[in-house]
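Heads up: the structure comes next, in C-alpha cells.
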Amino acid sequence: QKEVEQNSGPLSVPEGAIASLNCTYSDRGSQSFFWYRQYSGKSPELIMFIYSNGDKEDGRFTAQLNKASQYVSLLIRDSQPSDSATYLCAVGGSYIPTFGRGTSLIVHP
Amino acid sequence: DAGVTQSPTHLIKTRGQHVTLRCSPISGHKSVSWYQQVLGQGPQFIFQYYEKEERGRGNFPDRFSARQFPNYSSELNVNALLLGDSALYLCASTGGGGSLYEQYFGPGTRLTVT
C-alpha cells in the first residue's frame, strides 16, 4: 500500500512569512512528485512538480526533494492571504500518483 | 487553449440510480484519469485510460466503470448509487504516455446522492 502522509494542519503564518509544507511517502520507487493547490470548493491546481533530488524554484514557490529520506516539501516565500488553501502532495512511481490528504494553509494579514 | 472540461457541474441523484459523468481532456492529451474526492481527503484514484485502453483501476467496486472515446474524451459511469458515492468527481488530463507526466484537473462534478 503506497502511502503519502501530510499534516492536515491548519498551518497558520503571517502575511509575508515563509510557509513550509511537508510530505513523506512510503514507496522508495517513486519517481515523480507534485504539489497541488486546492481552494475550497474548487478542483486541484498543479503548482509545482519535481523529479530529481534537490530544489526547484518557480517564483515564490520552491519544491525540495530528498529521496533518501523520502520526503518532499514546498516552501512559499512572501506568503499572501491569497495563498490560503489546501496543498496536496502527490507522489507517483508509475502512471498513477497517490495523493496525500492535504495540508490547510492559512495566511493571516 | 481550453483546459479540461467536465459536465455536469453539479448533480443530485437518488440512491439506486445510475449516473454518467463526462470529461474532455486538454487538446493533444491522450490520457484521462478519474478521481473521487470526499471532503477532507485527497483525491482517490478510480481509473486511468490511455489511447482508449484502461491502464489502471483503483480500489472501487464494479459499480464504477469508464471508457475513453476515439477523440480522447471519457465517461465515468456509476450504477446503483449509494449515499457514500456523494463526492467531487475529478477528471485529470495527461499529455504523454510515460509515468512522469503532470496531471491537470478539470473543475469537477459535484455529485450528491440522497
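Each value in this text was obtained by applying a stated rule to the coordinates, not by laboratory testing. Bear in mind that the values here come from a model prediction, so they are computed numbers and not experimental data. Quick reminder, even Gly has a Cβ in these numbers, built from the backbone with ideal geometry, and neighbours come from all protein chains shown.
Some observations on this one:
- Most fluctuating residue given options B:L39, B:L90, B:L81, as computed from a GNM of chain B linking Cα atoms under 10 Å: B:L39
- Candidate lysines for bridging to A:K56, where Cα separation is under 18 Å - those fewer than 8 sequence places away on the same chain excluded: A:K67
- Charge tally in the Cβ shell below 11 Å around B:D85, where Lys, Arg are +1 and Asp, Glu are -1, B:D85 excluded: +3
- Electrostatic bookkeeping for A:G9 treats Lys and Arg as +1 and Asp and Glu as -1; over the other residues with beta carbon under 15 Å from its beta carbon, the sum is 0.
- Each of the trypsin sites (Lys or Arg not before Pro) that DSSP puts in a loop and that has at most 15 other Cβ atoms within 10 Å breaks chain B; the longest unbroken stretch is B:64-114.
- Cα gyration tensor category, rounded, prolate or oblate, for the stretch B:47-101 with a/c compared to 1.5: prolate
- Residue-by-residue Karplus 3J(HN,Hα) for the stretch A:14-31, coefficients 6.51, -1.76, 1.60, Hz, glycine and proline x: x, 4, x, 7, 9, 9, 10, 10, 10, 8, 10, 9, 9, 8, 5, x, 4, 10
- Max-minus-min Cα coordinates of the protein assembly as shown on each principal axis give 49, 37, 36 Å, with the largest extent listed first.
- Dimensions in Å of chain B - Rg and Dmax from alpha carbons: 13.3, 40
- Here the relative contact order of the stretch A:54-109, from alpha carbon pairs under 8 Å that lie six or more residues apart, stands at 26 percent.
- Tensor-based shape of the stretch B:1-57 (alpha-carbon gyration tensor, a/c under 1.5 rounded, otherwise prolate or oblate): prolate
- Neighbour cut-off at most 15 other Cβ (10 Å), DSSP loop, GluC sites (Glu not before Pro), the stretch B:1-86: B:E51
- Local electrostatic count, B:Q6, Cβ distance below 15 Å [Lys/Arg +1, Asp/Glu -1]: +1
- Sequence-distant contacts, meaning Cα pairs under 8 Å at least 6 residues apart, place the relative contact order of the stretch B:1-94 at 36 percent.
- For the stretch A:19-100, the square roots a ≥ b ≥ c of the C-alpha gyration tensor eigenvalues yield an a/c of 1.5 or more together with a/b not exceeding b/c, which makes the shape oblate.
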